[in-house]
Amino acid sequence: MKEVENREIRQMKEYKIIDKRDTRSGFGEALYELGQSNPNVVALCADLTGSLKMNAFADNFPERFFQMGIAEANMIGTAAGLTIGGYIPFTGTFANFSTARVYDQIRQEVAYSEKNVKICASHAGITLGEDGATHQTLEDIGLMKMLPGMTVINPCDFNQTKQATKAIADHIGPVYLRFGRPVVPNFITDDQEFEIGKALKLIDGKDVSIFATGHLVWEALEAAKILNRKGISAEVVNIHTIKPLDEKAVLESARKTGCIVTAEEHSLNGGLGDSVAQLMARNFPVPQEYVAVMDSFGQSGTPAELMKQYGLDAGHIVASAEKAIGRKV
Amino acid sequence: MPDNNSLREIASQVRRDIIRMVNGAKSGHPGGSLGCADLLTALYFEIMDHDPENFDMDAANQDVFILSNGHISPVFYSVLARNGYFPVKELATFRKLHSRLQGHPATMEKLPGVRVASGSLGQGLSFSIGVARAKTLNEDDKKVFCLMGDGELQEGQVWEALMHIGSKKVDNIIGIVDYNGKQIDGPTDEVMPLGNLKLKFEAFGWTVLEMNGNDMDDVVATLRHAKTLSGNEEPIMILMTTEMGMGVDFMMGTHKWHGAAPNDEQRDNALSQLEETLGDY
């Protein structure tokens, strides 16, 4: 690889683990708080109330909670209809059943009909774990971002999921909010401002830009530490909103560092990496490496085993960063 | 309020509009549109409480009509225009580039009267549940009417919605099935027999009414009766027998005019059978 000039170990911003929690609980807490603060918020669930952490909302606001049974298509249509009369529906089920199973319903009655529906999806990606590939969706970001007008958000930890859930209630228009099952480090402070479509730069750097979303953001921070010890200055940017992409932030960072690693718990087809690549191809082509699942289905295993198996960890981000730097001309 | 003779006159004009729109676009779905002309005329001109001049999406304290079988957009557009939702002359833009009258109903072009896109079948009844639930939350006692095609009942999602509405007693919905026995590939009995719909709906917790959808007296009386019955825990489903292509002799008794446009000669033949009552657009 090409040598990085003037290698030095710098003082790097450290992110502390506040606690370890699942992102879906961040959704559940925020939904309950929205129930208290916004009388127009209603929630629908397709027989996964506990898994989605929607119990607090369901128990406290029973008249605004709709148990839909195992009928996701009907849930999406009902949610769209609830907007007639001014309600803000939040639907909850696993990511696979929130997207692929109901794509045409979302397309026609939510996206094309411009309805203010919030499609909230848990158990996204490979970290759903032992249930295996039938339940592990790795295509959902791609599916949702292809729909005109759809906002796509993949927060990185408990606090950010909570912040995002509240933010989408105030945003007018359809949203796909994607979060996960496992307990993961919670490191975004609870006073961090969350703005839809605005990237969050976590670490400044000059040699490589790591654009990460969801569970991979923590891995990117770990990778930056390892890279720092090797004298490589990595910039870490949290892209929580994949659509609309913060083009300004991405371009600014890439112009500075000259190469990119994208990191996501999603297929390399259609995810954050593709959004970034499309932007760069049209504006400022630079070497880019993907940390993503390489066009395959998942399988059963523990979340940690699967992240390692499919190359979705700090080690793979480090290797990809070094490769991207080596490709700079 | 118009008497039933006036409604019949309006329906005749609506049928002329349908023929002229589909002929003008050289595409569209005249068969089911003609069959449902009496129903939509009765709903919009007689049965529903609504405000054509001041359309708003939320429909507070208004009855709402959801067209699930969106391909019969010609009858929907004609009735909306004749009712005052938008200028009648706009019917001439049906299916043309930059028109608000898309091939299937859509909201993106902001056509007054349309609250959700439809066309991909089986979705309108689910949407109606949401509208009905919002009305209940808002303490709004108005009704939600949802029209579906009979062939459309082959979509599984319809039965998800039927089960939900029946078991959860969403009793401010009045469903209507256009029971014409025909779909694109032929008679429903050949393509995918529907079985005993009345018994099926009843088993799902619905009260079922039957009416002749091409007899204005029956249509008005049954819709009035449905409105009176609704709100008593059981949702109402109206099995509406119609004749596809009703009013135009060569379009009746066949499924061939489900989605085919008449040429100019056929248009003139059809129009000669339909009285111009309100003036063509």
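Residues in the range A:46-77 that are in contact with a Leu (Cβ under 6 Å, 6 or more places away or on another chain) and under 20 Å from A:Ala100 (Cα atoms): A:Met68, A:Met75. Kindly evaluate B:Val177 against the criterion of being within 20 Å of the chain's Cα centre (by Cα) and in a strand (DSSP E or B). So B:Val177 passes the test.
Based on what the data block shows, is A:Ser37 loosely packed, with under 15 Cβ neighbours inside 10 Å and in the same structural domain as A:Gly129 (by TED's automatic domain parsing)? For A:Ser37, the condition - loosely packed, with under 15 Cβ neighbours inside 10 Å and in the same structural domain as A:Gly129 (by TED's automatic domain parsing) - is met. Scanning the range A:219-245 for residues that are surrounded by fewer than 24 Cβ atoms within 10 Å (Cβ to Cβ) and either among the hydroxyl-bearing types (Ser, Thr, Tyr) or over 25 Å from A:Glu8 (Cβ atoms) (or both) yields A:Ser233, A:Lys243, A:Pro244, A:Leu245.
Filter the range B:91-120 down to the residues that are more than 10 Å from chain A (Cβ to nearest Cβ) and either of a type in the set (A, V, I, L, M) or more than 20 Å from the chain's Cα centre (by Cα) (or both) and list them by number. B:Leu91, B:Ala92, B:Thr93, B:Lys96, B:Leu97, B:His98, B:Ser99, B:Leu101, B:Glu109, B:Leu111 - these are the residues of the range B:91-120 that are more than 10 Å from chain A (Cβ to nearest Cβ) and either of a type in the set (A, V, I, L, M) or more than 20 Å from the chain's Cα centre (by Cα) (or both). Tell me yes or no: at least one residue of the range B:65-75 is in contact (Cβ under 8 Å) with a residue 12 or more places away in the chain, touching a Lys or Arg at 6+ places or on another chain (Cβ under 9 Å) and either surrounded by fewer than 17 Cβ atoms within 10 Å (Cβ to Cβ) or more than 23 Å from B:Val248 (Cα to Cα) (or both). The answer is yes; a qualifying residue exists.
Whether any residue in the range B:198-205 is more than 10 Å from every other protein chain (Cβ to nearest Cβ), closer than 25 Å to A:Tyr87 by Cβ and either modelled with pLDDT under 95 or not in a loop (DSSP other than H, G, I, E, B) (or both) is what I want to check. No, because not a single residue in the range B:198-205 is more than 10 Å from every other protein chain (Cβ to nearest Cβ), closer than 25 Å to A:Tyr87 by Cβ and either modelled with pLDDT under 95 or not in a loop (DSSP other than H, G, I, E, B) (or both). Just the residues that are in contact with a Ser or Thr (Cβ under 7 Å, 6 or more places away or on another chain) and not β-branched (Val, Ile, Thr), please, taken from the range A:99-117. Residues satisfying the conditions are A:Ala100, A:Asp104, A:Gln108, A:Ser113, A:Glu114, A:Lys115, A:Asn116.
The set of residues in the range A:170-202 that are charged (D, E, K, R) and surrounded by fewer than 19 Cβ atoms within 10 Å (Cβ to Cβ) comprises A:Asp170, A:Asp190, A:Asp191, A:Glu193, A:Glu195, A:Lys198, A:Lys201. So is B:Leu194 of a type in the set (A, V, I, L, M) and in a loop (DSSP other than H, G, I, E, B) or not? Taking the combined requirement at face value, the residue satisfies it.
Take the residues of the range B:123-150 that are out of contact with any Leu (no Cβ under 8 Å at 6 or more places or on another chain) and more than 8 Å from chain A (Cβ to nearest Cβ): which is nearest to A:Arg64 (Cα to Cα)? Across the range B:123-150, the extreme among qualifying residues is B:Thr136.
Scanning the range A:276-307 for residues that are more than 30 Å from A:Glu130 (Cα to Cα) and charged (D, E, K, R) yields one hit, A:Arg282. Taking each residue of the range A:127-142 that is within 18 Å of A:Ala292 (Cβ to Cβ) and looking for partners that are loosely packed, with under 15 Cβ neighbours inside 10 Å and of a type in the set (Phe, Trp, Tyr) with beta-carbon atoms closer than 7 Å, six or more apart or interchain, yields A:Ala133/A:Phe297.
Residues in the range A:170-213 that are aromatic (Phe, Trp, Tyr), under 24 Å from A:Glu235 (Cβ atoms) and under 13 Å from the mean Cα position of the chain (by Cα): A:Phe211 only. Residue pairs whose Cβ atoms lie under 6 Å apart, separated by 6 or more positions or on different chains, with the first residue in the range B:229-251 and assigned to a helix (DSSP H, G or I) and the second crowded, with 24+ Cβ neighbours inside 10 Å, are B:Leu229/B:Ile236; B:Met251/B:Gly245; B:Met251/B:Trp257. Could you count how many residues in the range A:208-218 are farther than 24 Å from A:Arg181 by Cβ and either polar (S, T, N, Q) or surrounded by fewer than 24 Cβ atoms within 10 Å (Cβ to Cβ) (or both)? Qualifying residue count, the range A:208-218: 1.
Here A:Glu305, A:Glu265, A:Glu289 are screened, and the one residue that is outside the structural domain of A:His123 (by TED's automatic domain parsing), under 17 Å from the mean Cα position of the chain (by Cα) and surrounded by 14 or more Cβ atoms within 10 Å (Cβ to Cβ) is A:Glu265.
Take the conditions (1) among the hydrophobic types (A, V, I, L, M, F, W, C); (2) touching a Ser or Thr at 6+ places or on another chain (Cβ under 9 Å); (3) under 23 Å from B:Tyr85 (Cβ atoms); (4) more than 10 Å from chain A (Cβ to nearest Cβ); B:Leu153 misses just one of them, which is (3).
The values are calculated or read from the model by the stated rules, or taken from the named source; none is laboratory data. Nothing here was measured: the structure is a model prediction, and the numbers come from that model. Positions of Cβ are backbone-derived with ideal geometry, glycine not excepted, and every protein chain shown enters the neighbour counts.
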